[in-house]
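Here the structure is laid out as structure tokens; the discussion comes afterwards.
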Amino acid sequence: MRAHDLRRFQEDHASSVAWAKSLLDSGGFCVFDSETTGLKPPVQFVEVAVVDADARTRFEGTVRPVCRIESGATRVHGHTARSLAGSPPFIEVYPDLLEALYGRTVIVYNASYDRRVWDTAVRSLGARGALAGELPVWECAMRRYAAYIGETSKRGGYRSQKLTGGDHSALGDALATLRLIEEMAAGPGEE
């Protein structure tokens with residue numbers, strides 16, 4: 001690694017550690033995770049979980065989508081139209097989700113994906129969704145973790161890392177993201 005690249009990595013690594021420490025020191029965040037119908041539009045939630053900084057579950061539940069669940073998604077998370085038939089639609093869980101997220105920084109592993117699905121779901125609610133106002137900023141733990149690890153990408157920047165320790169359930173992956181933040185805050189590998 002060239003001296004310039006090494007210095008950049010050290011700065012980015014330190015920035016990720018500081019970010020994680022700041023989150024844990026404040027305690028004013030929650031971790032959001034979801035499982036969805038797949039990757040091809042339309043994409044909807046099938047399961048959502050929110051945990052706070054103390055690993056307490058603020059929301060956990062399945063959601064009945066109105067679109068088809070891709071077979072590849074079912075292979076990952078196990079949900080089918082049949083298994084979700086008795087679950088509430090997004091409009092019914094939305095108020096509880098807002099309550100779970102309210103007043104906290106929202107941390108998500110791959111925030112851009114989950115936020116797109118969230119925004120689409122809220123837009124589908126029309127005026128009911130607009131009444132909630134703006135949510136806090138969503139921050140991406142995956143990007144911070146990539147900088148923390150420092151594995152360079154062929155396209156430039158850092159290569160995204162898989163979330164370790166999750167189980168492809170929204171709650172399991174939210175807790176795995178929280179553990180990852182704790183790991184970064186501890187700063188193993190710092191010199």
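The values are calculated or read from the model by the stated rules, or taken from the named source; none is laboratory data. Keep in mind that what you see is a predicted model, and the values were worked out from it rather than measured. When we count neighbours, we look across all protein chains shown, and the Cβ atoms used for this are built from the backbone with ideal geometry, even at glycine.
Considering the range 180-191 alone, what residues qualify as being surrounded by fewer than 16 Cβ atoms within 10 Å (Cβ to Cβ) and either among the hydrophobic types (A, V, I, L, M, F, W, C) or closer than 18 Å to Phe32 by Cβ (or both)?
Glu182, Ala186
Listed residues Leu180, Leu163, Leu175; which is at pLDDT 95 or above, over 14 Å from Asn110 (Cα atoms) and either of a type in the set (A, V, I, L, M, F, W, C) or over 17 Å from the mean Cα position of the chain (by Cα) (or both)?
Leu175
If I filter the range 39-51 down to residues being crowded, with 17+ Cβ neighbours inside 10 Å and of a type outside the set (A, V, I, L, M, F, W, C), which single residue comes out as nearest to Pro95 (Cα to Cα)?
Glu47
Suppose we keep only residues that are among the small types (Gly, Ala, Ser) and closer than 13 Å to Leu171 by Cβ within the range 27-72. Which one would you say is nearest to the chain's Cα centre (by Cα)?
The selected residue is Ser34.
Output yes when any residue across the range 121-136 is buried (at least 16 other Cβ atoms within 10 Å of the Cβ), farther than 23 Å from Ile181 by Cα, modelled with pLDDT of 95 or more and not acidic (Asp, Glu), and no when none is.
Scanning the range 121-136, I find no residue that is buried (at least 16 other Cβ atoms within 10 Å of the Cβ), farther than 23 Å from Ile181 by Cα, modelled with pLDDT of 95 or more and not acidic (Asp, Glu), so the answer is no.
When Gly86 is evaluated against the numbered criteria (1) at pLDDT 95 or above; (2) in contact with a helix residue (DSSP H, G or I) (Cβ under 8 Å, 6 or more places away or on another chain); (3) not basic (Lys, Arg), which criterion, by number, is the only one it fails?
The failed condition is (2).
Give the residue that is farthest from Glu99 (Cα to Cα), with candidates limited to residues of the range 58-72 that are surrounded by 14 or more Cβ atoms within 10 Å (Cβ to Cβ) and among the β-branched types (Val, Ile, Thr).
Ile69
Based on this model, can you work out whether Arg75 counts as surrounded by 13 or more Cβ atoms within 10 Å (Cβ to Cβ), over 14 Å from the mean Cα position of the chain (by Cα), of a type in the set (D, E, K, R) and at pLDDT 95 or above?
No: the conditions fail for Arg75.
Scan the strands (runs of 3 or more DSSP E) fully inside the range 15-117 and keep the ones with 2 or more residues being of a type in the set (Asp, Glu).
In the range 15-117, the matching strands (runs of 3 or more DSSP E) lie at 29-36, 45-52.
Within the set of pairs 6+ apart or on separate chains, which have a first residue in the range 55-79 that is within 26 Å of Val106 (Cα to Cα), a second that is part of a strand (DSSP E or B) and at pLDDT below 95, and C-beta atoms under 7 Å apart?
none
Which of the residues that make up the range 150-171 are buried (at least 16 other Cβ atoms within 10 Å of the Cβ) and either part of a helix (DSSP H, G or I) or acidic (Asp, Glu) (or both)?
Once the filter is applied, which keeps residues that are buried (at least 16 other Cβ atoms within 10 Å of the Cβ) and either part of a helix (DSSP H, G or I) or acidic (Asp, Glu) (or both), the range 150-171 yields Ala170, Leu171.
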